[in-house]
Amino acid sequence: MARKFFVGGNFKMNGTVSSIKEIVSNLNNATLDPEVEVVVAPPALYLLLVRDTLRKDIEVAAQNAYDKPCGAYTGEISVSQLKDAGINWTILGHSERRTLLGESDAVVSSKTKFATDGGISVIWCCGESLAEREAGKTIDVVSSQLAALKAQTEDWSNIVIAYEPIWAIGTGKVATTEQAQEVHAALRGWLRKEVSDKVADETRILYGGSVNEKNCGELSKQPDIDGFLVGGASLKPAFVDIINCKKQ
Ligand code: PEP
């Protein structure tokens, strides 16, 4: 089964009502490759605005979701609240949350299980730091992040993996096509060995880290790169060119 190309836009903690309306209007007026699945993740405050105004062939994602059903968890959003608001996706385990907010592999895995069990699809992020890459530990790091995910995951069908080397996020320093392909192939190999051929063949593995309209074309040609998670460039009109990169 061919894996459908996937492009996610992570707005992070950026935007205003006015700038987000402009992004939505730009996407609504764009001609997008129908063979690409597109999901955008605005800040929580703007999820409903985006869901209500964005074209329906683009899904909307939260940037986080909690692993408890409801209750005294100030500042958190539950999976059932996302469903109630028509939000069918969430990003989980982004390196900014892992490093700045101390989310462990186990916490990210628990949230991923809670989300998928509750009917929310997950863009699950992993990736190594610069020190880990320079120490030759990249594959070990992403493998152990995957092992923590596997410990709590039975159904992989609603999980998209985003490989995002931390040193490439927001730095303008994109991984080379060879570096990205090598890690993507290792991730797929891990899934084949530790989970199943089916999960390895069907799971989309996205690359994230300073993707833009200029570098996306070459990256998209790699056999194990099934799309992108885009941060900074998803706030710009050029996001449309990234979505359409297979056609250019
Ligand atoms: C991200 O936040 O997921 C990301 C990849 O950011 P950027 O594209 O800005 O590097």
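For Pro237, state whether it is assigned to a loop (DSSP other than H, G, I, E, B), within 22 Å of Ala61 (Cβ to Cβ) and either open to solvent by 50 Å² or more (accessible area, probe 1.4 Å) or more than 10 Å from the ligand (Cβ to nearest atom) (or both). Can you show your working first?
On the way: assigned to a loop (DSSP other than H, G, I, E, B): yes; within 22 Å of Ala61 (Cβ to Cβ): yes; either open to solvent by 50 Å² or more (accessible area, probe 1.4 Å) or more than 10 Å from the ligand (Cβ to nearest atom) (or both): yes.
Yes, satisfied.
Which one of Gln145, Gln152 is touching a strand residue (DSSP E or B) at 6+ places or on another chain (Cβ under 7 Å) and over 22 Å from Gly9 (Cα atoms)? First the steps, then the outcome.
Details: Gln152 fails: touching a strand residue (DSSP E or B) at 6+ places or on another chain (Cβ under 7 Å).
On inspection, the qualifying residue turns out to be Gln145.
Can you spot a residue in region 66-88 that is closer than 26 Å to Ala180 by Cα and of a type in the set (S, T, N, Q)?
Step one: list which residues in region 66-88 are closer than 26 Å to Ala180 by Cα, which gives none.
Looking for residues that are closer than 26 Å to Ala180 by Cα and of a type in the set (S, T, N, Q), one finds none in region 66-88, hence no.
Spot the failing condition for Ser157; the list is (1) surrounded by 13 or more Cβ atoms within 10 Å (Cβ to Cβ); (2) more than 16 Å from the ligand (Cβ to nearest atom); (3) within 16 Å of the chain's Cα centre (by Cα), and only one is missed.
Status for Ser157: all satisfied but (1).
If you check every pair at least six apart or on different chains, which have Cβ atoms under 9 Å apart with a residue in region 76-99 that is within 18 Å of Asp117 (Cα to Cα) first and a residue that is of a type in the set (Ser, Thr, Tyr) and within 14 Å of the ligand (Cβ to nearest atom) second?
Ile77/Thr90; Val79/Thr90; Leu82/Thr90
Just to be sure I understand, how many residues within region 196-216 are of a type outside the set (Val, Ile, Thr) and within 16 Å of the ligand (Cβ to nearest atom)? Write out each step before concluding.
Residues of region 196-216 that are of a type outside the set (Val, Ile, Thr), as a first pass: 196-198, 200-202, 204, 206-210, 212-216.
After this cut, where a residue has to be within 16 Å of the ligand (Cβ to nearest atom) as well, the list is 204, 206-210, 212-216.
Selection size over region 196-216: 11.
Since Gly232 meets every condition but one in (1) near the ligand (Cβ under 8 Å from one of its atoms); (2) open to solvent by less than 10 Å² (accessible area, probe 1.4 Å); (3) of a type in the set (Gly, Ala, Ser), which condition does it not meet?
Just one mismatch for Gly232, condition (2).
So is Ala185 of a type in the set (A, V, I, L, M) and open to solvent by 10 Å² or more (accessible area, probe 1.4 Å) or not? Spell out how you get there, then give the answer.
On the way: of a type in the set (A, V, I, L, M): yes; open to solvent by 10 Å² or more (accessible area, probe 1.4 Å): yes.
Answer is yes for this residue.
Taking region 76-118 as the search range and keeping residues that are within 16 Å of the ligand (Cβ to nearest atom) and basic (Lys, Arg), which one is most open to solvent (accessible area, probe 1.4 Å)? Walk me through it before giving the result.
Keep residues of region 76-118 that are within 16 Å of the ligand (Cβ to nearest atom), which gives 89-101, 103, 108.
Next cut, basic (Lys, Arg) only: 97-98.
Details: Arg97: 58, Arg98: 36 Å².
Residue satisfying both the conditions and the ranking: Arg97.
The values are calculated or read from the model by the stated rules, or taken from the named source; none is laboratory data. The shown structure was predicted, so the numbers you read here are calculated from the model rather than taken from an experiment. Don't worry about glycine lacking a Cβ; one is built from the backbone with ideal geometry, like all the others, and counts go over all protein chains shown. Just the protein is used for accessible areas: all its heavy atoms, side chains included, with ligands, DNA and RNA removed. Shrake-Rupley method; radii C 1.70, N 1.55, O 1.52, S 1.80 Å.
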